[in-house]
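Quick note: the coordinates plus some simple rules give every number you see, no bench work behind them. Being a predicted model, the structure only gives us computed values, none of them experimental. Note: ideal-geometry Cβ built from the backbone for every residue, glycine included; neighbour counts use all protein chains shown.
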Amino acid sequence: MTTRRPGTVINLLWVTPWLVGLVLFFLLPMGMSFYYSLTDYSMLEVPLWIAFDNYAALFGDSVFWLAVRNTLIYAAISIPLAAIVSLGIAGLLDTDHPVSHVVRVLVFAPTVVPLVAAAMIWLWLFNSDHGLINAGLSWVGVNGPNWLQERGWAMAALIVMSLWSVGQAVVIYLAALQDVPSALVDAASIDGLGPVRRFVSVVLPTIAPAVVFNTIIQTITAWQVFATPYIMTEGGPDRSTYFYSHYLYDQAFLFQNMGYASALGWVQLLLITACIAVPYVMVRKFGGGP
Amino acid sequence: MIAGRDTLPGDNVLATVHRVWPRRTAIGGLVASAGGLLLFGPRPSDDVPAGRVILDYWEKWTGAEGEAMRLLVDEFNRTQDTIYVRYLAINSIDQKAMIAIAGGSPPDVIGLWNFNVPSYAEAGALLPLDDLAASAGLSRERYADAVWPLLTHEGRQWSMISTCGSLALYLNLDVLESAGIDPASTPRTLDDLDEMNERIIERSSDGKLERMGFLHTEPGWWSWIWGYHFGGSLLDSTGAPTADAPKNVAAYEWVRSYPERFGSRELLAFQSGLGFYGTAQYPFLTGKVASVVQGPWMANLINAFAPSLRYRAVPIPVDVGELDAAAPVGLIDGDVLVIPKGAKHPEASFEFITWLQERARLERLAAAHGKNTPLRETSTGFVENHSNGSIAVHNALASSPRAFVFPRTSVWPRYVSEFDAAFQGLWLGEQTPRAMLSGIQQTMVREIAKERGGRRRREQSAS
């Protein structure tokens, strides 16, 4: 015989709105999206069952591979770069100096600016003729490139722009750094470890959970990057900044291939899962992880 | 709390009150808010008269163009005692319409882009209008030659026109004169255009481009049209792609001659300093680019930001072998009205559309949008009173036998996406015209085969 704890029904009633939301707006759409990925579906017609044809078609789709390649390049450079920059800023801000409190606010402030507004600002910063970046380069005698119109430079510009929202990671790293026991660092100093060795052998293992967390979040963000390239380069020049989410969006709403777009969405989920498994497994294997 | 005592009589009661009251207050507040919203909350702004059939009409135009249509809708509503049109101007109309149709709750009338018609029609999402149009006397003869193909697909009529615009070459006469060019001798062939460009080009002391006569990428909205000006096309009569046909290759050889001649990097640097369309910094208005490919709506921009600018529109020049002054070449773009399948009141919807097709109303709408008429015959005052001094050129283009429309295929969005991407590669000098067009051809052969395969499967499944 099972016993029900008093208040269980009431508690369930209280969470019912959330449960209904979870089922209606998350689980059901996910299930439907998987079903659509197995169909030929344009939204204007009833879905036609084609089993795994959409998934098979991905292998022969050169634009799919191009979008994967572009996204991987973007992720492979922007994630470590963001980690280094945010950890560096957090390290500089890890003091009790009053100025550091002001700088913390300044570093976090860009993350609350809407992405579209930020993209418009960066669009002008990168303008090759009137932009501040090229103006700055010209002061030191460098003739700046056409940032957003030239292959290679456009990708570089988007990666630089991705550092705009590094503030969130800085806050997490800062909290982690403040939790590092000073006794450990002092002991390492007494043992004769230099600053680099102290950081690698003492600080880094201690803040590993924060590193893993930030890497996972940044990996997901990198795989889903859409708004900034959509506004700043429209995927160009010649699809050199055409990312996975942009292609998915185009397939769904521009080319009206909702079935194919759903398959792209599920493959994206698998790719993201595979990518976030790497740092997680590495930390588990080499220790210090959650 | 009093010192020395842990509890007081009545503490338990107070604790209960503190526990219960916030919850009661919260629930009471929520109920009061809900009641307040129900009683005094927002109401639909339309004052819909009782007893009328209500039509929901979604239109893609917002801003001044959307307001022009709203005025006509208001006039229709005033003259009616059986139908009431509820007008909603929204952006991204094709996506929202698609979702509404898929959800089984479409509006009664939708103002779509004409290139949406093939995919919507093939999917069976639109009501065919052949019979309704014939019974209302809205025949092909009434419309300018190039307009009818905008309304049809695979031999059936799926839409009615609301506005249309033909593309022409706009010339800044002030810049032409300053370069010593007689404004009367406007370019007719692409060789003439190249020559005009050479005479207008200005460079700074350090060799940077400061002014150009013509630039394909300004505004660059129609990267795919150039083959038509060499006598080419993008689809054959069977609907198969012809992107890599020799005339198209010749056209993009001409396009490539610009980055080859001036340098891709120099052109990109020049382009990046140009202002956007819709602003006073648009390079045609500032004189940085002396001629641009644009539609008749260009006059609205000129009148808004540079009313003293002297301009003229001429048919876009063609390859010398294609010159025929009596039959100019140009794209006709158009906005169409459709009745989606599942619309609640198709007859009433068509009555509203028919009312809009009356010449005076279409001309009023065209004038407000700054466009040419979609009709074969215009009223005497239309050209004289139009805000665009070159509107007669646009009217003539719409009636030209060599005017062309967006290729009528449901995979057109993919086709144009391929063109836009490859054009950038060509402009950067990274690929040859032949390689560019061959790549587009291969992709489109595959896409069209895929689309046809899907249609066959659907037909087999239905049978």
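Segment B:Glu377..B:Leu30, full-extension length gain: 118.7 nm, with 0.36 nm per residue of separation and the alpha-carbon distance subtracted. Packing, as the average of other Cβ atoms within 10 Å across residues, places the peptides B:449-456, A:262-269, B:159-166, A:82-89 in the order B:159-166, A:262-269, A:82-89, B:449-456, highest first. A Cα-only calculation for chain B places Rg and Dmax at 28.6, 109 Å. With the simple spin-label model, which puts each label point 7 Å out from Cα in the Cβ direction, the B:Glu266 to A:Thr8 separation comes to 8.1 nm. Inter-chain neighbour count for A:231-241: the average number of beta-carbon atoms from partner chains within 10 Å of each residue's beta-carbon is 4.
Straight-line reach from B:Lys288: taking Cα to Cα under 26 Å and skipping same-chain neighbours fewer than 8 places apart, the lysines in range are B:Lys208, B:Lys371. Between the beta carbons of A:Thr16 and B:Gln281, assuming R0 = 60 Å, the FRET efficiency works out to 0.60 to the nearest 0.05.
Full extension of the segment from A:Val160 to A:Trp139, taken as 0.36 nm per residue of separation minus the current Cα-Cα distance, would add 5.6 nm. Counting, for every residue in A:41-50, the Cβ atoms of other protein chains within 10 Å of its Cβ and taking the mean gives 6. Highest GNM mean-square fluctuation among A:Arg151, A:Arg198, A:Arg69, for chain A modelled with Cα contacts below 10 Å: A:Arg198.
Relative to the current alpha-carbon distance between B:Arg78 and B:Ala449, full extension at 0.36 nm per residue lengthens the span by 128.6 nm. Kirkwood radius and radius of gyration were both taken over the C-alpha atoms of region B:64-116, and their ratio Rg/Rh is 1.01. Among the residues of A:142-154, the average count of other protein chain beta-carbon atoms within 10 Å of the residue beta-carbon is 3. Between A:Phe108, A:Phe243, A:Phe199, the GNM of chain A built on Cα springs shorter than 10 angstrom shows A:Phe199 fluctuating the most. In region A:61-286, the ratio of gyration radius to Kirkwood radius, Rg to Rh, stands at 1.03 when only Cα atoms are counted.
Legend: ranking of residues B:Phe40, A:Phe34 from fewest to most surrounding C-beta atoms inside 10 Å; resulting order B:Phe40, A:Phe34. With viscosity 0.692 mPa s and temperature 37 °C, the Kirkwood radius over alpha carbon pairs of region B:325-408 converts through Stokes-Einstein to a diffusion coefficient of 227 µm²/s. Taking other C-beta atoms within 10 angstrom as a stand-in for reagent exposure, B:Trp355, A:Trp139, B:Trp58 fall in the order A:Trp139, B:Trp355, B:Trp58, fewest first. Here the average projected area of the convex hull drawn through the C-alpha atoms of the protein assembly as shown stands at 49.1 nm².
Mean separation of Cα pairs under 8 Å and 6 or more residues apart, divided by the residue count, gives chain A a relative contact order of 27 percent. Counting Lys and Arg as +1 and Asp and Glu as -1 over every other residue whose Cβ lies under 11 Å from the Cβ of A:Leu44, the net charge comes to -2. Result for chain A in a Gaussian network model with C-alpha springs under 10 Å: among A:Gly31, A:Gly236, A:Gly144, the largest mean-square fluctuation is at A:Gly31. Between B:Ala134 and A:Leu24, the FRET efficiency estimated from the beta carbon spacing at R0 = 45 angstrom works out to 0.45. The value of relative contact order for chain B, using C-alpha pairs under 8 Å at least six residues apart, is 24 percent.
Calculated mean residue ellipticity at 222 nm for chain A: -20000 deg cm²/dmol, from DSSP H runs with n ≥ 4 weighted as -39500 (n - 2.57), summed, divided by the residue count and rounded to 500.
Each of B:Asp131, B:Asp194 has some number of other Cβ atoms within 10 Å of its Cβ, and from fewest to most they run B:Asp131, B:Asp194.
Between B:Ile54 and B:Ala304, the C-beta separation translates, for a Förster distance of 22 Å, into a calculated FRET efficiency of about 0.05. Relative to one another, the C-alpha centroids of region A:135-207 and region B:246-321 are positioned 45 Å apart. Hydrodynamic analysis of region B:142-224 uses the Kirkwood radius over alpha carbon pairs. Inserted into Stokes-Einstein at 4 °C and 1.567 mPa s, it gives a translational diffusion coefficient of 81 µm²/s.
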